[in-house]
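Chemist: Questions regarding the structure given below will be posed in turn.
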């Protein structure tokens, strides 16, 4: 690849869209980064922000999700349930990740279906973890959640154990610990929070 050809608008734009940084483009074609910056400015190719560059690096094939817009009645119900679950149980503080933790496997299953069927998130992007009391059997907890969610037990990794909460109702419900379902994607998190804002009451 010659520098003359590489500095055409088409080549620069294509490489930049594919996720190459300016430094990587310069190294690939054998010129200075200042030269790349000059030609990008000349061709008015918009530069990515640091956060956008990081997103492209993490998702070189584009967004790992695609929100389904045309929904039948059951899908509308599933979307409503998924948004409602996140509104009530989800972590809203971190702008980059979606996290729902609960002791109820039915609730967790519904949220996973929401991610897969409505958000159409790539299955491999979903992560699972378990927190249980220190007097629970980690292997038993892992086996329980594996069967409940229909996934292999190696998806959970190391189980975190915490001190027992006593003999109350909460402990009884949490015999098998708390399962957390999570995914990291700033765009998907933004969409989900926007959906919550549409249904939340005006303060």
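The values are calculated or read from the model by the stated rules, or taken from the named source; none is laboratory data. Bear in mind that the values here come from a model prediction, so they are computed numbers and not experimental data. Cβ atoms come from the backbone with ideal geometry, glycine included; neighbour counts cover every protein chain shown.
Chemist: What about residue 95, is it assigned to a loop (DSSP other than H, G, I, E, B), touching a strand residue (DSSP E or B) at 6+ places or on another chain (Cβ under 9 Å) and over 15 Å from residue 181 (Cβ atoms)? Show your work before the answer.
Modeler: Numbers: assigned to a loop (DSSP other than H, G, I, E, B): yes; touching a strand residue (DSSP E or B) at 6+ places or on another chain (Cβ under 9 Å): no; over 15 Å from residue 181 (Cβ atoms): yes.
When the stated conditions are applied, residue 95 does not pass them.
Chemist: Of everything in the stretch 41-58, what is assigned to a helix (DSSP H, G or I) and at pLDDT 85 or above? Give them in sequence order.
Modeler: Of all residues in the stretch 41-58, those assigned to a helix (DSSP H, G or I) come to 41-42, 50-58.
Answer for the stretch 41-58, where residues must be assigned to a helix (DSSP H, G or I) and at pLDDT 85 or above: 41, 42.
Chemist: Then there is this: Say we look at the stretch 10-42 and pick out the residues that are within 22 Å of residue 63 (Cα to Cα) and loosely packed, with under 13 Cβ neighbours inside 10 Å; which of these is farthest from the chain's Cα centre (by Cα)?
Modeler: By that ranking, first place goes to 14.
To keep it simple, each residue is scored yes or no on (1) within 24 Å of residue 21 (Cβ to Cβ); (2) surrounded by 16 or more Cβ atoms within 10 Å (Cβ to Cβ); (3) in the same structural domain as residue 186 (by TED's automatic domain parsing).
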site: 44; (1), (2), (3): yes, no, no
site: 49; (1), (2), (3): yes, no, no
site: 66; (1), (2), (3): no, no, no
site: 77; (1), (2), (3): no, no, yes
site: 85; (1), (2), (3): no, yes, yes
site: 105; (1), (2), (3): no, no, yes
site: 113; (1), (2), (3): no, no, yes
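Chemist: Could you list, in sequence order, all residues of the stretch 122-139 that are more than 21 Å from residue 184 (Cα to Cα), touching a strand residue (DSSP E or B) at 6+ places or on another chain (Cβ under 9 Å) and surrounded by 12 or more Cβ atoms within 10 Å (Cβ to Cβ)? So that I can check it myself, show each step before the final result.
Modeler: As a first pass, look at the stretch 122-139 and keep what is more than 21 Å from residue 184 (Cα to Cα): 132-139.
Then keep just the ones that are touching a strand residue (DSSP E or B) at 6+ places or on another chain (Cβ under 9 Å); that gives 132-136, 138.
Within the stretch 122-139, 132, 133, 136, 138 meet the criteria.
Chemist: Kindly provide the set of residues from the stretch 17-34 that are in contact with a helix residue (DSSP H, G or I) (Cβ under 7 Å, 6 or more places away or on another chain) and part of a helix (DSSP H, G or I), ordered by number.
Modeler: Once the filter is applied, which keeps residues that are in contact with a helix residue (DSSP H, G or I) (Cβ under 7 Å, 6 or more places away or on another chain) and part of a helix (DSSP H, G or I), the stretch 17-34 yields 22, 23, 25, 26, 29, 33.
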